[in-house]
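Written below as structure tokens is the structure these notes are about.
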């Protein structure tokens, strides 16, 4: 969930609550680039580069100067340092170097600031932000000049101004290249002129009074099989018909793709203040607007929506890490948006390669989802910045949606099952893994340019499986803007119990200040649950359920099978040059998953299954002649895990195992087959203990080759050119395990977030 205060949690679930919204409307050209800044004389503390750095937060730093009535002896003012670099971190903006006169006017030549820029095709508005500090003052009178190359294309004198935010509009200049702001008169005597920000286009904040409705639909998948994105339908009052497709100088012509509108949700706290939480950044798309009589309606998409259908342009040198691929994808949005991505440290350096011919004809969306699928990463919007964020799937505790915050109880349905998944690999190879239910009529084929080998596919398939099996829930509630997709929510049911499931889709809609009866969609699979407590049992004994707990979720994993040993090497034959056979992997123990209704304090006798023993490796032949390679012995089966009246024998096998939602550990996975023809086979690695994983197959030995020594047509002796080698033993299967999860017994309704 998005960070918020405890006061927010109290207010969002209160019987009566008040929610508002604000939108920062940004009609700046996304391709405009400032190429230079110039000014008349400046203060040594002026930071002209901050005027166009797009950082809107003005500092509250009070720097004393010799301006009239500037310094108050209240301890809040700082003396100007000898070295201006000491205040370089403060957001001060541009300071002119001459003071206004006694009447506020500036003597000729008046102070000015000028920006030159490239990449802009049309300019119909620009926004000036002056200092918000009352002691700095604002310009009462100033002149703006807009040039196209050397031609003055637009000029206007603004008089009688008293605002620190000023929008200059109702003009049109094609191919603008330069803006000059000349200060004529200041609102304070003997004061330096200041300008904190200049935005090319409309840049203003719309509040609840300006906005009729906001409808945000957010959806995520965590597997890379598809790439949904967030949308925002924003309907605002068309003040003064500034968006008029028929008026020659209206802002209608300035609407371009990729312009951003950040959304923030506000909740009124008990003390009357508003706490704002970020609602994401949403961008203009082609044809994504509709003009009505009194309103204008925008259909916007998040940054992933901008990437989905955009053609991918591979860089000259292809990246080799996930972070590099993400950078190359976002760069396709243009130079001003190229840095709008965050790749978390835990995944940014993951190795990732593809051939240029395999990605050339793909869209940015396809490359993004394939890259994230191959690394089990999750692409989503970072709500605070609007950036594309790529991270591991999180296991954050989400909302506790209580009965008092729902108009009806959750609806449950079975989630889609899958029979098998086939991955296409390099060299026209394929590998198939079983799905959640072999009786399902759905199969998947994945052709991912970043998945090259069977090992690559094994790393991917477990994450893909998390989308199938289990149950789905539709929950209607009053809505909580702090909730995010990916959260593990807890929801009350009609039976006095709770469910825990992952939120993958939800809607937040505010109409005339009211948010209610909004859907959230949750998925609960064997690999995706969250509980207050987890207990892991190994060996044998008795487990006592805590007092008050009446339901537990249990995973019983049987002991994994031991793997076969690898065959020993024999004499190489030109007739039958087969290599010795490597040992086959041991199967993982069966996994039985069940939700059990229990009595408070109930006792359960348990015994975890023992892993099977690994087979012995074959011994190489040590004599000459026609001896074949020697056989290895097979591994033995693991035994079942018992918990009370329940047994893992009633479960099923998962070749890639079943992952734990909290730790990411895998249980009941099949081991790895041994390697073939290894000249110096070593002891193979054992599986992690107490996981029920199968053993790893022994490596087979290498065949030997000899040469016969003959003199005068008579046989003398034979010598080995390559001596045959022994096969190695298969490893033992891991002992089984029991994983028990449960929630705290108290379920309190109506006092937590909804």
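The values are calculated or read from the model by the stated rules, or taken from the named source; none is laboratory data. Here the structure is a predicted model, which is why all the values come from computation and not from measurement. Here the Cβ is made from the backbone with ideal geometry for all residues, glycine too, and neighbour counts use every protein chain on show.
Of all residues being part of a strand (DSSP E or B) and in contact (Cβ under 8 Å) with a residue 40 or more places away in the chain in the stretch 489-501, which is nearest to residue 280 (Cα to Cα)? Just the residue, please. Step by step, filter the stretch 489-501, then rank; the result is 489.
Taking the stretch 331-340 as the range and being surrounded by 21 or more Cβ atoms within 10 Å (Cβ to Cβ) and either in the same structural domain as residue 120 (by TED's automatic domain parsing) or not in a loop (DSSP other than H, G, I, E, B) (or both) as the test, only 333 passes.
Restricting 367, 390 to those that are under 19 Å from residue 305 (Cα atoms), buried (at least 18 other Cβ atoms within 10 Å of the Cβ) and touching a strand residue (DSSP E or B) at 6+ places or on another chain (Cβ under 6 Å) reduces the list to 390. Quickly run through the stretch 205-237 and pick out the residues that are in a strand (DSSP E or B) and at pLDDT below 85. Result: 205, 206, 236, 237.
Residue 128: part of a strand (DSSP E or B) and either surrounded by fewer than 18 Cβ atoms within 10 Å (Cβ to Cβ) or more than 43 Å from the chain's Cα centre (by Cα) (or both), yes or no? No; evaluated as a whole, the condition is false for this residue.
Screening 38, 102 for residues that are assigned to a strand (DSSP E or B) and over 39 Å from the mean Cα position of the chain (by Cα) leaves exactly one candidate, 38. Is one or more of the residues making up the stretch 308-319 surrounded by fewer than 21 Cβ atoms within 10 Å (Cβ to Cβ), in a helix (DSSP H, G or I) and either under 16 Å from the mean Cα position of the chain (by Cα) or not assigned by TED's automatic domain parsing to the domain that holds residue 425 (or both)? Checked the stretch 308-319: no residue is surrounded by fewer than 21 Cβ atoms within 10 Å (Cβ to Cβ), in a helix (DSSP H, G or I) and either under 16 Å from the mean Cα position of the chain (by Cα) or not assigned by TED's automatic domain parsing to the domain that holds residue 425 (or both).
In the stretch 424-434 there is at least one residue that is over 21 Å from residue 531 (Cβ atoms) and in contact (Cβ under 8 Å) with a residue 40 or more places away in the chain. If only residues of the stretch 440-488 that are in a strand (DSSP E or B) and at pLDDT 90 or above are counted, the one that is surrounded by the fewest Cβ atoms within 10 Å (Cβ to Cβ) is 445. When we screen 401, 418 for residues that are crowded, with 23+ Cβ neighbours inside 10 Å and either more than 21 Å from residue 218 (Cα to Cα) or in contact (Cβ under 8 Å) with a residue 40 or more places away in the chain (or both), the only hit is 401.
Within the stretch 341-379, how many residues are closer than 26 Å to residue 27 by Cβ and either in contact with a helix residue (DSSP H, G or I) (Cβ under 6 Å, 6 or more places away or on another chain) or not assigned by TED's automatic domain parsing to the domain that holds residue 310 (or both)?
Total satisfying the criteria: 3.
All conditions in (1) closer than 30 Å to residue 272 by Cα; (2) touching a helix residue (DSSP H, G or I) at 6+ places or on another chain (Cβ under 8 Å) hold for residue 92, with the sole exception of (1). The single condition among (1) in the same structural domain as residue 119 (by TED's automatic domain parsing); (2) in a helix (DSSP H, G or I); (3) surrounded by 13 or more Cβ atoms within 10 Å (Cβ to Cβ) that residue 67 does not satisfy is (2). Evaluating residue 556 against the criteria (1) buried (at least 24 other Cβ atoms within 10 Å of the Cβ); (2) at pLDDT below 95; (3) not in a strand (DSSP E or B) leaves one unmet condition, (3).
Here the stretch 24-42 is the region considered, the condition is being modelled with pLDDT of 90 or more and surrounded by 15 or more Cβ atoms within 10 Å (Cβ to Cβ), and the residue that is farthest from residue 92 (Cα to Cα) is 34.
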